[in-house]
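**Student:** Quick one: this structure, given as structure tokens, is what I'll be asking you about.
The values are calculated or read from the model by the stated rules, or taken from the named source; none is laboratory data. Since the structure is predicted, the reported quantities are computational estimates derived from the model, not experimental observations. Neighbour counts run over all protein chains shown; Cβ positions are idealised from the backbone, glycine included. Ligands, DNA and RNA are excluded from the accessible area calculation, which covers all protein heavy atoms including side chains. Shrake-Rupley method; radii C 1.70, N 1.55, O 1.52, S 1.80 Å.
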Amino acid sequence: QVQFVESGGGLVQPGGSLRLSCAASGFTFSRSGMSWYRQAPGKEREVVATIFSSGSTSYMDSVKGRFTIYRDNAKNTVYLQMNSLQLEDTAVYYCKPVPAFGSWGQGTQVTVSS
């Protein structure tokens, strides 16, 4: 069964940092690209960052230079290091493979507030 378990969210002040983790199971993780998504209240879910099986990465413009996506294939886990967090980064964060399949996990809430 394909499963994604996101963790690491929390409440942080603007300018702070968080590291999110997504533990995946039920498929060949090392052969799959992985994306982090986020959904803010009242907004559509959007792709934040992607890491391909080759290790290459891509980011949405608003997080370039602040967020870093990386993976540990031995642990079937993808991470999102988020630095210089801004109010607009407040959202529930999710992960999924590329191309997307499986049900959404429960996500992890990131709240940036002073």
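**Student:** Filter the range 58-95 down to the residues that are open to solvent by 20 Å² or more (accessible area, probe 1.4 Å) and part of a strand (DSSP E or B) and list them by number.
**Tutor:** Residues of the range 58-95 that are open to solvent by 20 Å² or more (accessible area, probe 1.4 Å), as a first pass: 58-62, 64-66, 68, 70-76, 79, 81, 83-84, 86-88, 90, 92, 94.
The answer is 58, 59, 68, 70, 71, 72, 79, 81, 92, 94.
**Student:** Also: So, in the range 26-57, how many residues would count as being aliphatic (A, V, I, L, M) and part of a loop (DSSP other than H, G, I, E, B)?
**Tutor:** First pass over the range 26-57, keeping only residues aliphatic (A, V, I, L, M): 34, 40, 47-49, 51.
Those still in the list that are part of a loop (DSSP other than H, G, I, E, B) too: 40.
Matching residues across the range 26-57 total 1.
**Student:** Out of everything in the range 41-57 that is among the β-branched types (Val, Ile, Thr) and either open to solvent by 40 Å² or more (accessible area, probe 1.4 Å) or over 11 Å from the mean Cα position of the chain (by Cα) (or both), what residue ends up being nearest to residue 92 (Cα to Cα)? Step through it out loud before you land on a result.
**Tutor:** Let us first name the residues in the range 41-57 that are among the β-branched types (Val, Ile, Thr), namely 47-48, 50-51, 57.
Right, trim to either open to solvent by 40 Å² or more (accessible area, probe 1.4 Å) or over 11 Å from the mean Cα position of the chain (by Cα) (or both) and you get 47, 57.
Working: 47: 12, 57: 21 Å.
Here the answer is 47.
**Student:** Does the range 79-87 contain at least one residue that is at pLDDT 95 or above and touching an Asp or Glu at 6+ places or on another chain (Cβ under 8 Å)?
**Tutor:** The initial filter retains those residues of the range 79-87 that are at pLDDT 95 or above, namely 79-87.
Pick out the ones that are also touching an Asp or Glu at 6+ places or on another chain (Cβ under 8 Å) and you get 79, 82.
Yes: the range 79-87 contains one or more residues that are at pLDDT 95 or above and touching an Asp or Glu at 6+ places or on another chain (Cβ under 8 Å).
**Student:** Within the bounds of the range 24-40, is there any residue that is over 11 Å from the mean Cα position of the chain (by Cα), surrounded by 15 or more Cβ atoms within 10 Å (Cβ to Cβ) and among the aliphatic types (A, V, I, L, M)?
**Tutor:** Yes, the conditions are met somewhere in the range 24-40.
**Student:** Which ones in the range 86-110 are more than 25 Å from residue 32 (Cβ to Cβ) and over 14 Å from the mean Cα position of the chain (by Cα)?
**Tutor:** 86, 87, 88
**Student:** In the set 84, 62, which member is touching a helix residue (DSSP H, G or I) at 6+ places or on another chain (Cβ under 8 Å) and in contact (Cβ under 8 Å) with a residue 24 or more places away in the chain? Let's see the steps before the verdict.
**Tutor:** Details: 84 fails: touching a helix residue (DSSP H, G or I) at 6+ places or on another chain (Cβ under 8 Å).
The match here is 62.
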